[in-house]
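Q: Once you've had a glance at the structure underneath, I'll fire off some questions.
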Amino acid sequence: MTPGTSHAERKYRSATAFQRRINPVLRRLPLQTLLETTGRVSGLPRRTPVGGRRAGDSFWLVSEFGERSQYVRNIRADPRVRVRIRGRWHTGTAHLLPDDDPVARLRTLPRFNSAAVRAFGAGLLTVRVDLDG
């Protein structure tokens, strides 16, 4: 990395390099929570392992790189998503919540994932998925 590269940029590059290797493995785990978006360019389903929690008819998560996350960019193009929770798929509509406090939100989500998002993330963004009936 070049000397002028910011700390946030280094975190982003390191985390995305790691995720490129681990996400294909995680996607195969039957109980891993997945967020499925539609690729904004390809139109193909894109499945991303996420950590979050269902609360009533909503599923909450925090994107560790906010607007830079590919799934956030896909949500901007098409908010219709699916979420696999405990092996079962649910359809819904995703909402990006820049006014929500993502650090406070992480305190309400699963601890292990929340710790990783805090440690490796930069530019956190809360995402709420309103699940269909």
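Q: Look through the stretch 57-80, keep the residues that are assigned to a loop (DSSP other than H, G, I, E, B) and closer than 10 Å to Ala94 by Cβ, and return whichever of them is most open to solvent (accessible area, probe 1.4 Å). So that I can check it myself, show each step before the final result.
A: Keep residues of the stretch 57-80 that are assigned to a loop (DSSP other than H, G, I, E, B), which gives 57, 64-65, 69, 78-79.
Retained after the next criterion (residues that are closer than 10 Å to Ala94 by Cβ): 78-79.
Numbers: Asp78: 27, Pro79: 50 Å².
The extreme case among them is Pro79.
Q: Just need a number here: residues in the stretch 98-133 that are of a type in the set (A, V, I, L, M) and modelled with pLDDT under 90.
A: Counting residues in the stretch 98-133 that are of a type in the set (A, V, I, L, M) and modelled with pLDDT under 90 gives 5.
Yes/no per residue for (1) surrounded by fewer than 17 Cβ atoms within 10 Å (Cβ to Cβ); (2) among the small types (Gly, Ala, Ser); (3) within 12 Å of Leu35 (Cα to Cα):
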| position | (1), (2), (3) |
| --- | --- |
| Arg84 | no, no, yes |
| Leu106 | no, no, no |
| Arg111 | yes, no, no |
| Leu125 | no, no, no |
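Q: Sticking with this structure for a sec: Hey, could you check the stretch 1-51 for residues that are buried (at least 17 other Cβ atoms within 10 Å of the Cβ) and of a type in the set (A, V, I, L, M, F, W, C) and say which is modelled with the lowest pLDDT?
A: Ala15
Q: Could you list, in sequence order, the residues of the stretch 107-118 that are more than 13 Å from Gly66 (Cβ to Cβ) and in contact (Cβ under 8 Å) with a residue 12 or more places away in the chain?
A: Thr108, Leu109, Pro110, Phe112, Asn113, Ser114, Ala116, Arg118
Q: If you don't mind, there's one more thing I want to ask. Before we move on, is Arg54 of a type outside the set (S, T, N, Q) and surrounded by fewer than 16 Cβ atoms within 10 Å (Cβ to Cβ)?
A: yes
Q: For His95, work out the one condition from (1) closer than 12 Å to Trp60 by Cβ; (2) open to solvent by 50 Å² or more (accessible area, probe 1.4 Å); (3) at pLDDT below 95 it doesn't fulfil.
A: Result: His95 fails condition (3) only.
Q: Report, by residue number, each residue of the stretch 81-100 that is touching a residue at least 24 places away in the same chain (Cβ under 8 Å) and part of a loop (DSSP other than H, G, I, E, B).
A: The answer is Arg86, Gly87, Pro98, Asp100.
The values are calculated or read from the model by the stated rules, or taken from the named source; none is laboratory data. Bear in mind the structure is a predicted one, so any value in this text is a computation, not a measurement. Cβ coordinates were reconstructed from backbone atoms using ideal geometry, including for glycine residues, and neighbour counts include every protein chain displayed. Surface areas here come from the heavy atoms of the whole protein model, side chains and all, with no ligands, DNA or RNA. Shrake-Rupley method; radii C 1.70, N 1.55, O 1.52, S 1.80 Å.
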